[in-house]
Amino acid sequence: MRAIKSVLVVAGSLKRGDTQRAEDQVLMRALRDFNIPKIVTDDMPVFMGLIRDLFPALDVPRKRDMDFEKHVRQSILNLKLQAEDNFVLKVVQLEELLAVRHSVFVIGNAGTGKSQVLRALQRTYQNTKRRPVWADLNPKAVTNDELFGIINSATREWKDGLFSSIMRDLANISHSGPKWMVLDGDIDPMWIESLNTVMDDNKVLTLASNERIPLNPSMRLLFEISHLRTATPATVSRAGNPLKQLTGSTQCTHYQTLPKIFQKTHEKIDTNNTFAGACDQY
Ligand SMILES: Nc1ncnc2c1ncn2[C@@H]1O[C@H](COP(=O)(O)OP(=O)(O)OP(=O)(O)O)[C@@H](O)[C@H]1O
Ligand SMILES: [Mg+2]
């Protein structure tokens, strides 16, 4: 149901943005562009095959906001990273997901650039004067009680937790700039189950003290993880919209731009072969 709702929200906004377009084209675009970020590279031909079966002889170009992409490229360069097409696409896809979902999982192996994609989008917000706020924490670095707070059973005294205090602070900010809570650390049912009501449409965090902290429309919950293997089915269904960061064969893309840069300074080394070989191997 969550996935259907998200597709309908995307289709609705596409339809409103382009009222002249036929409905089957709008639906195809919503289904395709919204699901592609979730699909690993190896499954892409299967997915595109399914879409072609559903909508034969229909090929609508992806809706692109060139102005936004220009800002993204500029921000990536500001961060002194490579503004390589696949990386830009991931940043744009993250923005598209965040527009329709309030909790997004960024999944990818260590070192595939998950954090850099998040930073690049934050920088884009800064450059476009949207006043972003960012708070990140590693949920595995503290205990569950330290994360969500605890009532002392002897004195009935309430001790606030790290996540609950961050969330309250962000909820109290009055401007409408994007506010992110980034949970960077592997998933463990211990802490993520407590976030179930925040991730679904209830959008509230209920604490042991009976306090309820709402997730405002401008707040987003982001998870930076490497896999969903230890997550429970309840979490996985809520994580309906993971951004598969540079998975599979595209994993190594920013390293592939290295030969060109290296060649300028190290003319004697045959960088092309050295790096290409290493990329294929790892
Ligand atoms: N577009 C890019 N251009 C240049 N370097 C990049 C780019 N993307 C990532 N990198 C480099 O790759 C390294 C790893 O990236 P990053 O820290 O984002 O990975 P990660 O997926 O968050 O890893 P972890 O799982 O360890 O948190 C960074 O130090 C960064 O310098
Ligand atoms: Mg990281």
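Of the set (1) surrounded by fewer than 14 Cβ atoms within 10 Å (Cβ to Cβ); (2) within 16 Å of ligand 1 (Cβ to nearest atom); (3) of a type outside the set (Phe, Trp, Tyr), all apply to Asp53 but (2).
What are the residue pairs meeting all of these: first residue in region 151-165, first residue under 28 Å from Gly185 (Cβ atoms), second residue among the β-branched types (Val, Ile, Thr), Cβ atoms under 7 Å, and 6 or more apart or on different chains? Partner pairs satisfying both residue conditions: Trp158/Ile151; Lys159/Ile150; Leu162/Val142; Ser164/Ile213. Would you check if Lys90 is among the basic types (Lys, Arg), out of contact with any Pro (no Cβ under 9 Å at 6 or more places or on another chain) and within 16 Å of ligand 2 (Cβ to nearest atom)? In short, no.
Say whether the condition of being touching a residue at least 24 places away in the same chain (Cβ under 8 Å), under 26 Å from Tyr125 (Cβ atoms), assigned to a helix (DSSP H, G or I) and touching a Leu at 6+ places or on another chain (Cβ under 8 Å) is met by at least one residue in region 175-192. No, because not a single residue in region 175-192 is touching a residue at least 24 places away in the same chain (Cβ under 8 Å), under 26 Å from Tyr125 (Cβ atoms), assigned to a helix (DSSP H, G or I) and touching a Leu at 6+ places or on another chain (Cβ under 8 Å). Of all residues in region 133-145, those that are part of a loop (DSSP other than H, G, I, E, B) and either within 16 Å of ligand 1 (Cβ to nearest atom) or buried (at least 17 other Cβ atoms within 10 Å of the Cβ) (or both) total 1.
Of all residues in region 195-243, those satisfying the criterion of being assigned to a helix (DSSP H, G or I), over 15 Å from the mean Cα position of the chain (by Cα) and crowded, with 20+ Cβ neighbours inside 10 Å are Leu195, Val198. For region 64-108, residues that are part of a helix (DSSP H, G or I) and more than 14 Å from ligand 1 (Cβ to nearest atom) total 13. Does Ser165 satisfy the condition of being over 27 Å from Val10 (Cβ atoms), among the hydroxyl-bearing types (Ser, Thr, Tyr) and more than 14 Å from ligand 2 (Cβ to nearest atom)? Judged against the criteria, Ser165 is a match. Among the residues of region 146-154, is there at least one that is surrounded by 18 or more Cβ atoms within 10 Å (Cβ to Cβ), in the same structural domain as Ser226 (by TED's automatic domain parsing), assigned to a helix (DSSP H, G or I) and away from ligand 2 (no atom under 16 Å from the Cβ)? Yes, that holds for at least one residue. Of all residues in region 111-120, those being modelled with pLDDT of 85 or more and assigned to a loop (DSSP other than H, G, I, E, B) number 1.
The values are calculated or read from the model by the stated rules, or taken from the named source; none is laboratory data. Quantities reported herein were computed from a predicted structural model and do not represent experimental measurements. All Cβ positions, glycine included, derive from the backbone under ideal geometry; neighbour counts span all protein chains shown.
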